[in-house]
Every structure is written in C-alpha cells, then in structure tokens.
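The values are calculated or read from the model by the stated rules, or taken from the named source; none is laboratory data. None of these values were measured; they are calculated from a predicted model. Because the Cβ atoms are built from the backbone with ideal geometry, glycine has one as well, and the counts that use them run over all protein chains shown.
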Amino acid sequence: MIKIGITGGIGSGKSVVSELLKLYDIPIYNADVEAKRLNDESPLIREKLTQNFGESLYASGKLDKQKFAQIIFNDPEKLRLANSIIHPELQKDFLRWVEIHSDSDIVAMEAALIFEANFQRMFDKVIMVYAPISLRVVRASQRDLTTPEKIEERLRHQFPDEEKVKLSDFVIFNDEKHSLIMQVSDLLNRIRTNR
C-alpha cells in the first residue's frame with residue numbers, strides 16, 4: 001500500500017485534488033474533518049483540552065470551535081499546546097483508518113498541516129497543492145464567509161509555500177494555467193510506476 005499526504009495552504013485546492021483522487025477509487029482521510037470529530041468525541045482530547053483551556057470550551061457538550069480558535073490563534077504557545085494534544089490522537093486515528101482500508105493499493109490523507117505536525121514520515125509521497133496566495137485568500141474568504149484579513153492571519157500559522165514545495169515529493173499547480181485533471185492523472189501514473 002502506498003500512503004500519500006496531500007497538503008497545501010488554506011484555499012489552495014487540497015479538497016479538489018482529493019475529490020479527483022476519489023474518482024480513481026483512492027480513499028481519502030480528511031484530517032480537518034476527523035480532527036473536529038475527535039475534538040468532540042475523544043475523551044482523552046476533551047480531558048486534556050479542558051485541563052489546559054478551561055471547562056467552558058465544552059459548555060454545550062461539544063467543543064466551542066470559535067472560542068477555541070480565539071484562544072489558540074492569538075497565542076503561539078497555546079497553539080503548540082493544543083496541537084501537541086490533538087495531533088498524536090489524529091495520527092493514531094489515521095493509522096487505524098489505514099488498517100480498515102488495507103485492501104486499497106493507495107490511500108491518502110488531506111491535511112493542511114502535514115509538515116507543521118511532522119506527519120510527513122507517515123507517507124510514502126507528499127503532494128503539495130500550490131495556488132498563488134492572492135487566489136487562495138479570495139477562495140478561502142468566500143468559502144469560509146470571512147474576511148481576507150482573517151484568512152491572512154490563519155496563513156501566518158502555516159509554513160510558507162516555498163518551504164512546503166521544497167519538502168514535498170510532487171507539486172500540483174491549482175491556477176488558471178494548469179489542468180488539475182491532467183496533473184492528478186500524471187501524478188498517479190508516476191506514483192504507481194515509482195517515478
């Protein structure tokens with residue numbers, strides 16, 4: 001089995017690439033979706049988050065995502081602490097998921113923070129989805145119904161694209177100049193033939 005990591009910054013088009021891979025019957029583990037599920041359902045994460053950030057985070061029974069974001073995105077140390085609680089559990093969950101999909105020849109995780117979370121060692125190949133920052137800010141602010149300034153603030157917590165490009169095995173360009181379908185098809189051929 002070949003394990004692929006799909007990464008890229010906010011609004012780069014990771015989800016579009018993931019949807020294209022699904023057309024090739026490749027199972028996709030969406031780290032954002034699964035982290036939100038674990039934050040709500042994992043007793044271990046809940047216990048550690050409430051110990052470190054207060055009981056009020058779970059006042060409704062589920063994690064108050066807005067309150068949590070205000071706490072961690074305004075303090076780099078708190079962000080590191082939160083990630084040190086969530087990322088190990090997410091990694092364990094992904095490895096369990098891989099076992100469930102052991103009959104697949106390729107599986108993939110879609111995650112913005114593969115390098116920031118030091119997840120790259122779990123993958124045989126890492127794919128970086130690249131889009132110009134101006135395009136990413138527009139896409140993400142429209143998708144998330146928020147301001148460009150809030151998107152730019154979130155971008156400051158991610159590795160620069162140039163760094164991710166250097167660390168990745170493949171780069172897919174998601175702009176008006178390149179065909180995503182052709183790039184994904186070519187990429188899968190290269191991965192399957194180990195080129």
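Worth pointing out:
- Tally of residues being exposed (fewer than 15 other Cβ atoms within 10 Å of the Cβ) and at pLDDT below 75 across the range 158-186: 0
- Matching option when the condition is among the β-branched types (V, I, T) and touching an Asp or Glu at 6+ places or on another chain (Cβ under 6 Å), among I10, I2, I26: I2
- Test for L155: is it aliphatic (A, V, I, L, M), under 16 Å from S18 (Cα atoms) and at pLDDT below 95: no
- Subset of the range 48-64 that is over 11 Å from I85 (Cα atoms) and among the hydrophobic types (A, V, I, L, M, F, W, C) - its residue that is surrounded by the fewest Cβ atoms within 10 Å (Cβ to Cβ): A59
- Inter-residue pairs, beta-carbon under 7 Å, first within 14 Å of A112 (Cα to Cα) and in the range 163-174, second not in a strand (DSSP E or B) and not β-branched (V, I, T), 6+ apart: K164/F115; L167/F115; L167/Q120
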